[in-house]
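My questions all concern the structure below.
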Amino acid sequence: MFDALFQKISKHREKAIILFGALCILDAVIYAQIFALGKVNQDLAIHFLNVGQGDSQFVILPGGVKVLIDGGPANGKALSELASILPATDRYIDILIMSHPQADHFSGLIDVFKTYKIGAFLWSGREGMATSFADLKEAFKTNGAMSVIIGKGDRIKYKESSVLVLAPWKELMESKELNDTTVVLELMSKNSKTLFTGDIGANIENQLAAWKLGQVDILKVSHHGSKYSSSKLFIDAIKPKLSIIEVGKNSYGHPTDQTLSRLSGVGSSIYRTDNDKTVRVIIDGASMKVFKN
Amino acid sequence: MRSYDIFFFSSLFFLVGIVFGSLGAGLLLSFWIALFMSASFFILYGVSKNKRQLWIACLVALVFVGVFYYRWDDARFKSARIPFEKQMYFIGKIMADPNAKDEKQEIVVKAHKLDDANILLKVNPYPRFSYGDILAISGKIREPFPEGYAEYLAKERVRGVMNSPEVEFISKQEEFSLKGFLIGIKRSVADSFYKLLPKKEAAFLTGITLGGTSGFSPEFKEAMKKSGTTHIVALSGYNIMIVGWAVFGIFSYFLSRRISFALTVLSIITFVGIAGAEASVVRAAIMGILVLIAREAGRTYSFRNAVVFTILMMAIVNPKVIVFDVGFQLSFLALLGILYLRPAIMKLFHILEESAGFLSWKDNLLTTVSAQLAVVPILISSFGAISLSSIVSNTIILPLVPVAMGVGFITAVVYHMSYYGALVISWIALILLKFKIFVIEFFAEHSIFLHLGISFFFVIAYYGALIFFILAMYKKNKREVY
């Protein structure tokens, strides 16, 4: 019987070789995937993505949950940056957070919705006036991600990490100024505290300062280093060890000298995405390492 | 002269007229020259009664007809009255699938108010517009600049350019259109690539399968230029030929040649549909199919008229194609390469048609090499500087192009049935793409530039040498036979 089979195969030798080769390649790929699954990073990694004049931060929590906060303007940079951070076969992001509906924060998310599978989309519920906001809603709908409205006091917990929503609260949500509706996040993980402030102005910062947040390790400097944000009161209250300014070519004079001097006044190390490109901070619980691209 | 010769030579002289017209030959001057030459040959005929001279007299007149046709078409194109550099407000309809790039989208609209001229708009990437949308546009229309760009746009029948005009969406196209439907398929194919692959690889795969460089980083575009591989993302008959012939190879592995051939042509037509059925793609497909037929038929003389007829039709539809469309030139030269150079090379190495080898690699290699040799000067002059390494990079990458396309299309089809199924298949694509990107970037970095410059003289000398080689082999063959 085997002889007959063998004869049959040798008749179609060429086809058999091709089939066998194809199977081998596929096997190798699948095994590579399985091995990659076993390797989960236990450090906290925060990336301040170089997306030009706009905001986008990508956080990988210890244990591997991926959170993207904002996507920068529509220039495809957020996608390229994500592609260089994530393994090529990873097409999933657990949580997408939109700080507030301004084009330099959400437009890049349209592409992210179009290209990644997303677990949940967290936002304040405030809709934007920009014409491209309809594109965002459309892309979100097609993506099939879950929508979660968040506000002050909400908390995301994963293993030892927790993300607390500090703002906005009801009164801010009614503000005409979109920047006031920014979702402000406090990330506690690996003995470190990081503040993501979106585009909030001094008015909100000063209220946060009154809450005695304590010293902050890493601050995502508000509003690309605008002089109307990063008030002296706020900066003195939180004394960030590391300040990262997400900024690109712009006509507003961001980041302003006032902001830079307030930050350096408390001894903070300042990094900016226009000079340092994407800034990556790795925290293992005992130390904090900063990498520039 | 026999009737098929009459057809061949009349078409040829007409096309020569179109080439002269494209190169700027004046109407009046060419009229007088043609008249003078025609008359001279006619007088010669009167004296010698040699019929050949009568024919030449008529054919030379056809050159003028060609120049006239080109001029007439150009004048018609430029007849639209457009108030350049003035603040304008008009309604336009999107006529082709918008080209979405990272930082902008390029849209071609037809404006009724501007004598139905086509205007190119460069606007923000979002909100994203679609084929058939009606838009209200306000801003200043500029004349395209510099000249090369203007010629390129004229070939696409685009008359003016607007940078960041104010655009307001009015309505979507209500009625069903086949083109809109096909563009929908094209978009869904591209979307599935972006869902499954990282951005760079997804953009590259989209470029290979559907053409275009949207989503390419400037660095990668530069790398493709340096390695001389940009042409693989420009859909041309040359590309379609490579693919069609790979498809044919697969089919003929299982089926008879005739059925495989029919299936291949069918796949090409389907592909044209998916790629958006733009004029340039249709041209490419026709040329691609011609090349396939050429290779199948293998008889150059019976084929001559088919080629010239196709080109004639294309020139009548859009006379600017002949001189200003690189894709067309690539296809045409590849076709000539396979028709004439391939048999010559076979004779040189004493290769017989029957000895195909594993997966008929000899056959494939032979066709690639002959097509490649025929197009090299165009590839080099149109897609970047002359780099010696481009020959190596192309030899490595070209055979993988149809493989990547095949895997790409399978992925796109499976994607609509099962996301995870497609994800697994996309890993194969990923390996292929990563390898190709590696090759492109490697040869971009290690490109050895030849500073000959691609002069007109070089091109002439190159093709002169090729023709000499073909003729020499042809003669040698004759001697052997008789």
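Where a number appears in this text, it was derived from the coordinates with a stated rule and is not lab data. Everything numeric here is computed off the predicted structure, so don't read it as measured data. In this analysis, Cβ positions are derived from the backbone assuming ideal geometry, glycine residues included, and neighbour counts consider all displayed protein chains.
So who's got an amide H within less than 5 Å of the one on A:SER269, skipping anything under 5 residues away but keeping other chains? H placed 1.01 Å off N, in plane.
When sequence neighbours closer than 5 places are left aside, the close amide H contacts are A:LEU242, A:SER243.
Further question: Build a GNM of chain A with springs between Cα atoms under 10 Å: which of A:ALA145, A:ALA120, A:ALA28 gets the top mean-square fluctuation?
Sorting by GNM fluctuation, first place goes to A:ALA28.
Got the relative contact order for segment A:4-292 handy, in percent, Cα pairs under 8 Å and 6 or more residues apart?
Averaging sequence separation for qualifying contacts and normalising by length gives 15 percent for segment A:4-292.
A follow-up question, please. If I build a Gaussian network model for chain A, linking alpha-carbon pairs within less than 10 angstrom, which residue out of A:GLY201, A:GLY54, A:GLY21 has the largest mean-square fluctuation?
Comparing A:GLY201, A:GLY54, A:GLY21 in a Gaussian network model of chain A, the most mobile one is A:GLY21.
Now for a different question. Can you give the mean number of other chain Cβ atoms that lie within 10 Å of the Cβ atoms in peptide A:108-115? The partial results should precede the final answer.
Working: counts 2, 0, 4, 6, 0, 0, 3, 9.
Mean number of neighbouring Cβ atoms from other chains: 3.
OK, next. Which Cα, out of A:ALA78, A:VAL281, A:PRO240, lies furthest along the positive dipole direction of chain A (beta carbon charges, K/R +1, D/E -1)?
Result: A:VAL281, furthest along the dipole toward the positive end.
Shape of chain B from its Cα gyration tensor (a ≥ b ≥ c, root eigenvalues): rounded if a/c is under 1.5, otherwise prolate when a/b > b/c, or oblate?
Oblate shape, in that a/c is at least 1.5 and b/c is the bigger or equal ratio.
Looking at the protein assembly as shown only, what percent of DSSP beta bridges run antiparallel? Nearest 5 please.
70
Sticking with this one: Please work out how much length the chain gains when fully extended from A:SER287 to A:ASN41, using 0.36 nm per residue of separation minus the C-alpha to C-alpha distance, in nm with one decimal.
On the way: separation 246, 0.36 × 246 = 88.56 nm, distance 1.56 nm.
Roughly 87.0 nm would be gained on extension.
I've got another one for you. Work out the mean other chain Cβ neighbour count within 10 Å for the residues of A:79-91 and drop it here as an integer.
Mean shielding by partner chains, rounded to a whole number: 4.
Quick one: 3J(HN,Hα) in Hz for segment B:153-168, Karplus 6.51/-1.76/1.60 with θ = phi - 60°, rounded, Gly and Pro as x.
5, 4, 4, 7, 6, 9, 9, x, 10, 10, 9, 6, x, 7, 10, 10
Between B:MET95 and A:PHE20, what is the FRET efficiency for a Förster distance of 41 Å, r being their Cβ-Cβ separation, to the nearest 0.05? Let's see the in-between values first.
Working: r = 50 Å, r/R0 = 1.21.
About 0.25, to the nearest 0.05.
Of A:MET173, A:ASN203, A:LEU19, which is farthest on the positive side of the dipole of chain A, counting Cα position, with +1 on Lys and Arg Cβ, -1 on Asp and Glu Cβ, and the Cα centre as origin?
Among A:MET173, A:ASN203, A:LEU19, the one farthest towards the positive end of the dipole of chain A is A:LEU19.
Shifting gears a bit: Taking other Cβ within 10 Å of each residue's Cβ, how do B:TRP427, B:TRP55, A:TRP169 sort, fewest first?
Numbers: B:TRP427 22, B:TRP55 17, A:TRP169 14.
So the ranking, lowest neighbour count to highest, is A:TRP169, B:TRP55, B:TRP427.
Sorted from fewest to most neighbouring beta carbons within 10 Å, what does the list B:LEU196, B:LEU62 look like? Don't skip to the answer; put the middle values down first.
Values: B:LEU196 26, B:LEU62 20.
Arranged by neighbour count, lowest to highest, B:LEU196, B:LEU62 become B:LEU62, B:LEU196.
Name all residues of segment A:246-281 having a backbone nitrogen under 14 Å from the label point set 7 Å from the Cα of A:ILE85 along its Cα→Cβ direction, giving them as ranges.
A:246, A:273, A:277-281
Dipole of segment A:4-292 (Lys/Arg Cβ +1, Asp/Glu Cβ -1, origin at the Cα centre): which of A:THR115, A:VAL163, A:VAL221 lies farthest to the positive side?
Projecting each Cα onto the dipole axis, the largest value belongs to A:THR115.
Does segment A:109-194 come out rounded, prolate or oblate by the C-alpha gyration tensor, with a ≥ b ≥ c the root eigenvalues, rounded set by a/c under 1.5 and, if not, prolate when a/b is larger than b/c and oblate if not?
Because a/c hits 1.5 or more and a/b fails to exceed b/c, segment A:109-194 counts as oblate.
A further question follows. Antiparallel as a % of all DSSP beta bridges within segment A:136-276, to the nearest 5?
Antiparallel bridges: around 60 percent, rounded to the nearest 5.
Suppose a student asked you for the relative contact order of chain B, using Cα pairs under 8 Å spaced at least 6 residues apart; what percent would you report?
Reported relative contact order: 14 percent.
Further question: Please list the non-local residues whose amide H lies under 5 Å from the amide H of A:ILE200, H modeled 1.01 Å from N, same-chain partners needing a gap of 5 or more.
Counting only residues 5 or more places away or on other chains, the set is A:HIS223.
If you count the DSSP beta bridges with both ends in segment A:4-292, what percent of them are antiparallel, to the nearest 5?
60
Taking only DSSP H segments of four or more residues, each worth -39500 (n - 2.57), what value at 222 nm results for chain A once the sum is divided by all its residues, to the nearest 500 deg cm²/dmol? Write out the running numbers ahead of the final one.
Numbers: 10 runs with 102 residues, N = 293.
Value at 222 nm, helices only: -10500 deg cm²/dmol.
How many nm separate the modelled label positions at A:LYS159 and B:LYS434, each set 7 Å beyond the Cα in the direction of the Cβ?
Distance between label points: 2.4 nm.
Could you calculate the FRET efficiency of B:GLU151 with A:VAL266 from 1/(1 + (r/R0)^6), where r is the beta carbon distance between them and R0 is 51 Å, rounded to 0.05?
0.25
Over all residues in B:186-196, what is the mean tally of Cβ atoms on other chains that come within 10 Å of each residue's Cβ?
The per-residue average across the peptide is 2.
What number comes out for the charge environment of B:PHE443, summing +1 per Lys or Arg and -1 per Asp or Glu over other residues with Cβ under 12 Å away?
+1
May I ask you to compute the full-extension gain from A:GLU138 to A:LYS170, defined as 0.36 nm times their residue separation minus their alpha-carbon distance, rounded to one decimal in nm?
8.8 nm
For segment A:108-137 and segment B:20-72, write down the distance between their C-alpha centroids in whole Å.
Cα centres, segment A:108-137 to segment B:20-72: 65 Å.
Do the sum for chain B: with -39,500 (n - 2.57) for every DSSP H run of n ≥ 4, divided by all residues, what is the mean residue ellipticity at 222 nm, to the nearest 500 deg cm²/dmol? Please report the intermediate quantities before stating the final value.
Values: 19 runs with 310 residues, N = 482.
Helix contribution divided over all residues of chain B: -21500 deg cm²/dmol.
Give, as ranges by residue number, the residues of segment B:4-18 whose backbone N falls under 18 Å from the point 7 Å along Cα→Cβ of B:CYS58.
B:4-17
Continuing with this model, one more query. First check a/c for segment A:230-293, with a ≥ b ≥ c the square roots of the eigenvalues of its C-alpha gyration tensor; if it is under 1.5, answer rounded, and if not, answer prolate when a/b is larger than b/c or oblate otherwise.
Oblate.
Considering only DSSP states other than H, G, I, E and B, which GluC sites (Glu not before Pro) in segment B:120-219 qualify as loop sites with at most 16 other Cβ atoms within 10 Å?
Passing both the DSSP loop test and the Cβ count: B:GLU174, B:GLU175.
Round to the nearest 0.05 the FRET efficiency obtained for B:ALA80 and B:GLU296 when R0 = 51 Å and r is the Cβ-Cβ distance.
E(calc), rounded to 0.05, equals 0.70.
Further question on the same structure: When a footprinting reagent is the concern and you count Cβ atoms within 10 Å, what order do A:ASP257, A:ASP217 take, fewest first?
In order of increasing Cβ crowding within 10 Å: A:ASP257, A:ASP217.
Could you give the dipole magnitude of chain B about its Cα centre, charging the beta-carbon of Lys and Arg +1 and that of Asp and Glu -1, in debye to the nearest 20? Write out the running numbers ahead of the final one.
On the way: 47 positive and 32 negative charges, 231 e Å.
Dipole about the Cα centre, nearest 20: 1100 debye.
Ok, one more. Report the relative contact order of segment A:34-191, percent, no decimals, based on alpha-carbon pairs under 8 angstrom and at least 6 residues apart.
Here the relative contact order equals 18 percent.
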